[in-house]
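Below: the structure, in structure tokens.
Every read-out reported here was derived from the displayed coordinates using simple, explicitly stated rules and does not represent laboratory data. Computed from a predicted model, the values in this text were never measured in an experiment. Here the Cβ is made from the backbone with ideal geometry for all residues, glycine too, and neighbour counts use every protein chain on show.
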Amino acid sequence: MTPAVKSAVVLLSGGLDSATTLAIARSEGFECHCLSLDYGQRHRSELQAAERVASSLGAAAQRTLKLDLTLFGGSALTDASIAVPVTPLPNPLPQGGEGASVKSDHLIAGIPVTYVPARNTIMLSLALAWAEVLGARDIFIGANAVDYSGYPDCRPEYIRAFQGMANLATRAAIEGEPTTIHAPLIALTKAGIIRQGVALGVDYALTVSCYQADEQGRACGRCESCRLRKLGFEQAGVPDPTPYL
């Protein structure tokens with residue numbers, strides 16, 4: 001008898017982390033249904049990247065859901081009046097091993113202005129809804145708690161708490177089919193993520209991580225996301241395929 005295909009919903013932003021997460025889910029035998037969110041972010045390049053990545057990595061489906069978070073604002077990514085903080089990447093890059101991270105001045109006071117209020121909660125809730133319709137009991141998210149920008153919804157305790165909530169809130173769980181939230185990158189450095197992705201055949205040239213990429217997907221090279229990405233490639237010993245402005 002042919003074993004039943006396992007289905008999963010994968011949150012896919014079009015960036016480096018989510019592309020690697022999709023590759024991991026595929027390597028574990030999941031039929032992946034990718035969900036991207038058009039929430040009013042500064043550019044559409046990452047959404048176009050999500051389509052490319054889903055196709056490249058053999059996703060069963062990719063859907064982009066529109067939900068305009070600019071109605072609330074509160075983030076440099078959803079409010080044009082709030083500037084994205086930029087700091088040129090130091091040259092040469094700092095030493096200290098692959099766990100070393102680059103922190104810019106806007107992080108000293110706490111959570112940066114690029115944090116989008118409740119974004120992961122919103123996206124995971126939408127993924128949970130689609131998973132229940134699909135009969136999928138697994139959801140993958142590329143949250144990372146090591147080389148990340150200080151977002152509270154990227155912590156392991158948050159992932160555990162959401163999974164607990166999900167299994168209180170859905171008919172599937174009540175009927176004995178609980179949901180598992182997978183965050184396979186949660187404890188990896190950016191360099192570790194890149195090495196794993198390369199091993200799984202991820203083409204990082206297809207991805208866009210920059211907070212303010214242009215229409216062609218070219219990265220600014222100065223925002224926190226660009227800094228962490230560039231440093232990750234340097235520390236992984238992998239050529240950086242990112243097109244920078």
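When the chain is described by a simple charge dipole with +1 on each Lys and Arg Cβ and -1 on each Asp and Glu Cβ, the residue from PRO117, SER36, ALA236 located farthest towards its positive end is ALA236. Name the residue from GLY164, THR189, ILE174 whose Cα lies farthest towards the positive end of the charge dipole of segment 147-207, charges +1 on Cβ of Lys and Arg and -1 on Cβ of Asp and Glu. Comparing the listed Cα positions along the dipole, THR189 ranks first. Its relative contact order, with pairs defined as Cα atoms under 8 Å and 6+ residues apart, puts the chain at 25 percent.
About the Cα centre of the chain, what is the dipole size in debye to 20, counting +1 per Lys and Arg Cβ and -1 per Asp and Glu Cβ, all else neutral? Once rounded to the nearest 20, the dipole reads 140 debye.
Each peptide among 63-72, 10-19, 181-190, 215-224 gets the average number of other Cβ atoms lying within 10 Å of its residues, and from highest to lowest they stand as 10-19, 181-190, 215-224, 63-72. By other beta-carbon atoms within 10 Å, ranking VAL116, VAL133, VAL238 with the fewest at the front produces VAL133, VAL238, VAL116. Going from the residue with the fewest nearby Cβ atoms within 10 Å to the one with the most, ARG227, ARG155 rank ARG155, ARG227.
In the chain, helices alone account for a calculated mean residue ellipticity at 222 nm of -10000 deg cm²/dmol, with every DSSP H run of four or more residues adding -39,500 (n - 2.57).
For the chain, the antiparallel share of DSSP beta bridges with both residues in that region comes to about 5%.
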